[in-house]
Amino acid sequence: MIESVLIVGGGIGGMSAALALARQGVAVELIDSDPHWRAYGAGISVTGISLRAFDDLGVLDEIRELGFIGAGIRLRDPTGNLIFEAPVAPDAPLVQRGGGIMRGVLHDILATRVRAGGIQVNLGVEAVGYDDGADGVSVRFSDGRQSRYDLVVAADGIYSRTRAALFPEVPPPQFTGQGCWRIVAPRPQGVDRTEIYTGGPVKLGINPVSATHVYLFILEHVPDNPWYEPDQQLPHVSKLLEPFGGDVPAIRAGLGSESLVSYRPLEWLLLPAPWHRGRIVLIGDAAHATTPHMASGAGMAAEDGLVLAEEIVRSVDVESALQAFTARRFERARMVVENSVRIGDMEMAGGNQMDANRMLGDTMQRLAAPY
Ligand SMILES: Cc1cc2nc3c(=O)[nH]c(=O)nc-3n(C[C@H](O)[C@H](O)[C@H](O)COP(=O)(O)OP(=O)(O)OC[C@H]3O[C@@H](n4cnc5c(N)ncnc54)[C@H](O)[C@@H]3O)c2cc1C
């Protein structure tokens, strides 16, 4: 019987697990090493599986109000001419829709629910030692405190320290050869769904994140994995946007020192099954970090939290709950990670965006099955 859970990491995965467990009556404590508990980056695309998971967590109304929910996708050539528009039934179910939201807004929606849900939140704290026994895990914290839990859920992200401690044999995340720029801008009229500009020197996308704003993402082939100082970022982005037409020139002209621009090299990691050792289990990016080509990392992390809570309630002991958890999650995570990396490889090899789009469509269809 699991009555008390420590969650290490308050990102999308950790907060989803906290909400799903707390509503089953489990006493949940959540720690995050960031004393300010912020979300970094600009906007985030939310695919159908993310929307379904957020609905199951009970936060869809806030996402609809403060973010953007639409449907379909448009492909454009670099000059802005329409190449293809995916048809979408007006009554398409949530899992076939998509949208976007500012990362900070999504974080605040989930964090407000966590605080309102009676979950104890301790910030600026890390777990520095685990004593995993038959009756529970005794955890030592960086603030000198020590406490015991029936289960520890590590949702501490792609560079998970828990993973490094528990699975030292697993290699670190691997760089794919691409870097991702994200830029927030006012929403051009007519951008009512994700638009991808393909066939240019870089892949560019525009995604609404609210009634008033979009975020642009640019995937750049950067085999040398460069580092960009903050003062180099805006000039670099402006240069990358230069060859594009459509709505891009107006967005480019509006960029300035106050614009939100962020850069991340793309990396991936898939932890071999099982994702637990004793009473400590990994979820979210800590277990399966993917590139943004399927925009499904957030949905996968949220689903992890929901599935973990279901298996904990259903199973008779910790070991069978955690075995069942990985059994339900591993193949799904493998498909997302491998197909995302494959699409990036196709892009770097100069492949046809329609092939990549087909793979994306097939994967999305399979992900739409119940999690
Ligand atoms: C460039 C880029 C673009 C992306 N775009 C999208 C997108 O459009 N759509 C999408 O769905 N996904 C996207 N993703 C993936 C998505 O961001 C992740 O899959 C998702 O955030 C994973 O959530 P998480 O909770 O597992 O980890 P994280 O969001 O990384 O959260 C980890 C949390 O743990 C905390 N933490 C870290 N270490 C410790 C520690 N030692 N102790 C305590 N706390 C700790 C951190 O402060 C953080 O709050 C993108 C990823 C990248 C790199």
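Numerical summary
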item: Cα-based Kirkwood hydrodynamic radius, region 17-173, one decimal, Å; result: 18.6 Å
item: In region 1-58, chymotrypsin sites (Phe, Trp or Tyr not before Pro) in a DSSP loop with at most 14 other beta-carbon atoms within 10 Å; result: Y40
item: Kirkwood hydrodynamic radius over Cα pairs of region 6-88, then Stokes diffusion coefficient at 37 °C and 0.692 mPa s, in µm²/s; result: 209 µm²/s
item: Charge context of F68, other residues only, Cβ under 12 angstrom, K/R +1, D/E -1; result: +2
item: Sites matching GluC sites (Glu not before Pro) across region 243-333 that sit in DSSP coil, with at most 13 neighbouring C-beta atoms within 10 Å; result: E258
item: Proximal charge balance of V26 [Cβ under 14 Å; K/R count +1, D/E count -1]; result: -2
item: Integer Hz, Karplus 6.51/-1.76/1.60 couplings in order for region 277-291, x for Gly and Pro; result: 10, x, 9, 10, 10, 9, 9, x, 4, 4, 9, 8, 9, 10, 7
item: Interatomic Cα distance distribution for the chain, bins of 10 angstrom, percent; result: 5, 24, 33, 24, 11, 3, 0
item: Within the chain: Cβ-based charge dipole about Cα centre, in debye rounded to nearest 20 (Lys, Arg +1; Asp, Glu -1); result: 340 debye
item: In degrees, nearest ten, helix 297-314 long axis to first principal axis of the chain (Cα); result: 30 degrees
item: Computed helical MRE - 222 nm, the chain, DSSP H runs ≥ 4 contributing -39500 (n - 2.57), nearest 500; result: -11000 deg cm²/dmol
item: Amide H partners (placed H, <5 Å) of L30, local residues excluded; result: I7, Q120, V121, N122
item: Charge dipole of the chain about the Cα centre (unit charges at C-beta), most positive-ward option of Y371, H276, G254; result: G254
item: Whole-Hz ³J(HN,Hα) from phi, Karplus 6.51 cos²θ - 1.76 cosθ + 1.60, for region 362-371, glycine and proline x; result: 4, 5, 4, 4, 5, 5, 5, 4, x, 7
item: 0 to 90° range, to nearest 10: angle between helix 230-241 axis and the chain longest Cα axis; result: 50 degrees
item: Positive-end residue of L123, S210, A20, charge dipole of the chain with Cβ unit charges; result: S210
item: C-alpha center-to-center spacing [region 211-281, region 123-161] in angstrom; result: 32 Å
item: 0 to 90° range, to nearest 10: angle between helix 12-22 axis and the chain longest Cα axis; result: 40 degrees
item: Alpha-carbon Debye profile of region 117-169, log10 I(q)/I(0) at 0.17, 0.24 Å⁻¹; result: -0.60, -1.14
item: Amide H contacts under 5 Å for G58, placed H, 5+ residues apart; result: none
item: Calculated Rg and Dmax of region 293-371 using C-alpha coordinates, Å; result: 15.3, 51
item: ³J(HN,Hα), Karplus 6.51/-1.76/1.60, whole Hz, each residue of region 323-334, x for Gly, Pro; result: 4, 5, 4, 5, 4, 6, 9, 4, 5, 5, 5, 4
item: Antiparallel DSSP beta bridges within the chain, as percent of all bridges there, nearest 5; result: 70 percent
item: Region 1-40 versus region 347-370: alpha-carbon centroid distance in Å; result: 32 Å
item: Under 5 Å, built H, 5+ apart or other chain: amide partners of V46; result: G99, G100, I101
item: Lys, Arg +1 and Asp, Glu -1 on Cβ, resulting dipole of region 22-97 about Cα centre, debye, nearest 20; result: 220 debye
item: Stokes-Einstein diffusion coefficient of region 197-326, Kirkwood radius over Cα pairs, 37 °C, 0.692 mPa s, in µm²/s; result: 183 µm²/s
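The numbers here are math on the coordinates, done by the rules we state, and not lab data. The model shown is predicted, which means the values in this text are computed figures rather than measured ones. We place every Cβ from the backbone using ideal geometry, glycine too, and count neighbours over all the protein chains shown.
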